[in-house]
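The next block holds one structure in the form of structure tokens; read it before the comments.
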Amino acid sequence: MNNLLEIGKIVKTSGLKGRLKVLSYCESAEVLETLKGVFIGEDIEHVSSFNVRMINIKRGSFLLELEGVETLEAAGELTGRHVFVPSETLPDGEYYWKDIIGLDIVTEDGRKLGRITAILPTGSNDVYVCSSGEGEIFIPAFDDVVKKIDIEKGVMVVKLPEGL
């Protein structure tokens, strides 16, 4: 199922009736509010489908109750697994980490800085790790820094803050 996007990882059980605590990879809670179903698995190739009974959104995580997972033991078997949703269930016009990683970074004047190799979530904003043969540059994901993202061309245009 290559149209799945990972939205979190199950980190532990919560309570005695099969509730799961999920570390959220979503920047916006609205993505989670309308979930009717999820896929859970060790990786994207080996997933099982579950209907969502309840979702309770917390800061940086969410509690999830799934149909068919109603005991502490059943929930414990899912701990450490990844949570996926079909990409079409997510809002349009947003970029996901899978889209950003691998983009070439160039300055407004056309100078190539390198390629995005990782994204660091800092709480207030993401930081893009731009790697080149000369080392790494950490680029904050602010509107005044990131001027344009072109997924089709594989390019991010940036205006570097002073000091970078």
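Remarks
- Selection from the range 113-128 of residues that are of a type in the set (G, A, S) and in a strand (DSSP E or B): G114, A118
- L113 vs. criteria in contact with a Lys or Arg (Cβ under 8 Å, 6 or more places away or on another chain), assigned by TED's automatic domain parsing to the domain that holds E134, buried (at least 18 other Cβ atoms within 10 Å of the Cβ) and within 30 Å of K159 (Cβ to Cβ): no
- Filter result for the condition that a residue is touching a helix residue (DSSP H, G or I) at 6+ places or on another chain (Cβ under 6 Å) and at positive phi, over G68, G18, G60, G80: G18
- The set of residues from the range 129-164 being touching a residue at least 24 places away in the same chain (Cβ under 8 Å), part of a strand (DSSP E or B) and either farther than 19 Å from W97 by Cβ or touching a Ser or Thr at 6+ places or on another chain (Cβ under 9 Å) (or both) comprises C130, I137, K147, V157, V158.
- All positions within the range 126-145 that are surrounded by 13 or more Cβ atoms within 10 Å (Cβ to Cβ) and in contact with a strand residue (DSSP E or B) (Cβ under 6 Å, 6 or more places away or on another chain): D126, V127, Y128, V129, C130, S131, S132, I137, I139, P140, A141, V145
The values are calculated or read from the model by the stated rules, or taken from the named source; none is laboratory data. These numbers come from a predicted model, not from an experiment. Positions of Cβ are generated from backbone atoms using ideal geometry, with glycine treated the same way; all protein chains shown enter the neighbour counts.
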